[in-house]
1. Does segment 157-165 include one or more residues that are open to solvent by less than 70 Å² (accessible area, probe 1.4 Å) and over 37 Å from the mean Cα position of the chain (by Cα)?
2. Among the residues of segment 339-373, which ones are crowded, with 18+ Cβ neighbours inside 10 Å and polar (S, T, N, Q)?
3. If you go through segment 440-474 one residue at a time, how many are among the hydroxyl-bearing types (Ser, Thr, Tyr) and either in contact with a Cys (Cβ under 9 Å, 6 or more places away or on another chain) or assigned to a helix (DSSP H, G or I) (or both)?
4. Inside segment 619-654, can you point out the residues that are open to solvent by 60 Å² or more (accessible area, probe 1.4 Å) and basic (Lys, Arg)?
5. May I ask you to list the residues in segment 169-188 that are open to solvent by 20 Å² or more (accessible area, probe 1.4 Å) and more than 23 Å from the chain's Cα centre (by Cα)?
6. Just checking, does segment 438-450 include any residue being open to solvent by 40 Å² or more (accessible area, probe 1.4 Å) and among the hydroxyl-bearing types (Ser, Thr, Tyr)?
7. Cβ-Cβ under 9 Å, sequence separation 6+ or interchain: first residue in segment 64-81 and of a type in the set (D, E, K, R), partner part of a loop (DSSP other than H, G, I, E, B) and open to solvent by less than 40 Å² (accessible area, probe 1.4 Å). Which pairs?
8. Given the structure, is LEU91 within 36 Å of the chain's Cα centre (by Cα) and either in a strand (DSSP E or B) or among the charged types (D, E, K, R) (or both)?
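The values are calculated or read from the model by the stated rules, or taken from the named source; none is laboratory data. Since the model is a prediction, treat every value here as computed from it, not as a measurement. Every residue, glycine among them, receives a Cβ derived from its backbone with ideal geometry; neighbour counts consider all protein chains shown. Remember, those area values only see protein heavy atoms, side chains included, never the ligands or the DNA or RNA. Shrake-Rupley method; radii C 1.70, N 1.55, O 1.52, S 1.80 Å.
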Amino acid sequence: MTQKDKRPVLEVVDSAKKPTGKKTGNTGGSGTSKEQRFGDYVIKNGAFYQIKSVRDGTDGSSTVEFPLCDFTCRIVEEITSDDGLDDATFLRIEGRRANGVLLPIVDVPAKNFYSSQGNWANEHWGTLPFIYPGAAKKDNLRACIHLYSQQAGDIPRRTVFKFTGWKKLDEKWHYLTGSGAINAKGLIGVTEVDLGAGHMSRYQLPEPLTGEPLKQAVSDALALLDVCPSKPHIGIALFSAVARAPLGECHPTDFAVWLHGLTGSRKSELAALCLALFGDFNARRFPANWSDTDNALESKAFQCKDSLYIVDDFKPSVNQAEAAKLHSKAERFIRNTGNQAGRNRLSSSLQAIPAPYNRSMTIATGEDLPKGQSLLGRLLVLELARNDVDNNQLTICQQSAAAGKFAGLMATYIQWLAPRIDQLKQDFPKFVHQYRDKATQDGLTTSHPRAPELYANMVAGCETFTDFLQDSGLSAERANVLTADIESGLKQAFSEQGAYQSEQDEVRRFIDLLKAAFSSGNCHIAERLKKAPPESHPFFWGWRNVGTDAVGDDMYNPMGDCIGYLNEQTSGKPCEVWLVQDNAFKVAAQFARNQGDSFLLSAPALWRRMVERGLVIQTEPDARTNKPRPTVKRTIAGASMRVMVLSAELFEAD
């Protein structure tokens, strides 16, 4: 210190000029610590306070300020999340502590914010904020934040949609997609659609096409019809599925397409070409896989309203338990699709919770088929061999898809549909019924009672798409040829469904399992009088030669359980097999399990189906219900017992 300035240090410091700057208090974004009063509340020292009136000894009234917390915050906007089931509202809140520390923006469920039981601030910001204890303080803090957020006017509100497809907004139909919404005027980007993370976010359509780009996109998309030249019905069926997908709002899509074949048959690539009409997809970017959980599959299928949805790679494991789980998952999903209903649950108050279900046009790919005739009845099955796909044509289509031409064409189709949806909601179901009745009358689709309905949906969808193509410049002559080719290809596709239904026929399978059990020595049929080997073909009925007796006659031993008896009638009458129901069903079910499979019908259901088909030769009315009873009394080796009478030719036929 110099001789000139010998003052004490503290005196020098106190006399120094203090720097000016902003104070650390927060006013919910204003950047100043100036007190702000609104209603019965005030911001003081960067925190919310409550103002209360009290009595004093002078004029009888005064006010005191009680701290509510150590921060300020405000509601930036109110967001409604529309997922198609229940609308959920969130409040987007930003804040700052009294010491200047920023509190990150959080989305708080409105029900949590307005709940008197919870503490939303600490749930979302952890230990950063402090709220003074007391139920009244929590209630006042909630009211304070709400009132403070409305000082500049109503809190901004917006809606975020969580699904694709048609939605009526402002009395006009809009098709929701990840990039916004498409209506009669084109793509409206201000509409928000959030489909979540992963490949679901790739459902994004561009601006609709016009002019020459549209004509080129039409030509490229029609090339999809020729991608399988040896089996043209496959390309036609896939093209029909694409055309039908955006029409789910007009008529529910209660069926799916199942594309199966050996590994390397290009089934995933074909499915990806179809999906490319709805966004940025390829064979490695599918929205779903059969390894997803049941709930995930159904939730995403619900999100993909009026869109194409791909579930890839159905390949049952060599592990029997895992294979059974996969088949069970497929059954649940397909039934969900066919019934247009999800798996409902109850809330803690025993109120029904809305369940998601499949609102999409689904194409499933795999190396195997799901089990059961009823499941196959809800599917159009397409089988692909390794040499069926034209790789050159596939490459051309993939290049067009990657360039966005396919998605641009779909955007244009949807723009064309938008002003017509109200009329199509009336007309399209009628078209489906007309095509269904005609298909039934002409006997075109006899594989399953649902087949005419499936066929009609595909044809009606293609007809609507062809009308669009004509309005887009396709000549009437070319449109007529296209319509004829599509109808012909779909007839071929559905004509092949009978073979798949026959393979899954549990009645036929029951007979085949018993025949295999005879051949492998797992059961046998005995002659009814002496329970001896049948006189003709004992080996066929499960007996094995063990040599000859003293007089040179062949001797036979029975194999496995006895499941019935052979009535070898004379006088030209056919032989009959008298089955012991419980024994026969046990052997068939066990034999199926030994093959790593299962028998899908219960015993009573199996007997009823056999009676309905006329396979049971003799029945008697039930005493209580008067319905045909599948068993009758017969005498076997002197004893009376109930058996089911079948023709021996049923087992002897190939």
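1. Here is the first cut: in segment 157-165, the residues open to solvent by less than 70 Å² (accessible area, probe 1.4 Å) are 158-165.
Cutting the leftovers down to over 37 Å from the mean Cα position of the chain (by Cα) gives us none.
No, segment 157-165 contains no residue that is open to solvent by less than 70 Å² (accessible area, probe 1.4 Å) and over 37 Å from the mean Cα position of the chain (by Cα).
2. The answer is ASN358, SER360, THR362, THR365, GLN373.
3. Of the residues in segment 440-474, the ones among the hydroxyl-bearing types (Ser, Thr, Tyr) are 440, 445-447, 455, 464, 466, 472.
Filter once more, keeping what is either in contact with a Cys (Cβ under 9 Å, 6 or more places away or on another chain) or assigned to a helix (DSSP H, G or I) (or both): 440, 455, 464, 466.
Final tally of qualifying residues: 4.
4. ARG624, LYS627, ARG629, LYS633, ARG642
5. LEU169, ASP170, GLU171, LYS172, TRP173, ALA184, LYS185, LEU187, ILE188
6. There is at least one residue in segment 438-450 that is open to solvent by 40 Å² or more (accessible area, probe 1.4 Å) and among the hydroxyl-bearing types (Ser, Thr, Tyr).
7. ASP70/GLY46; ASP70/ALA98; ASP70/PRO129; ARG74/GLY28; ARG74/ILE155; GLU77/ILE155; GLU78/ILE155
8. Answer is yes for this residue.
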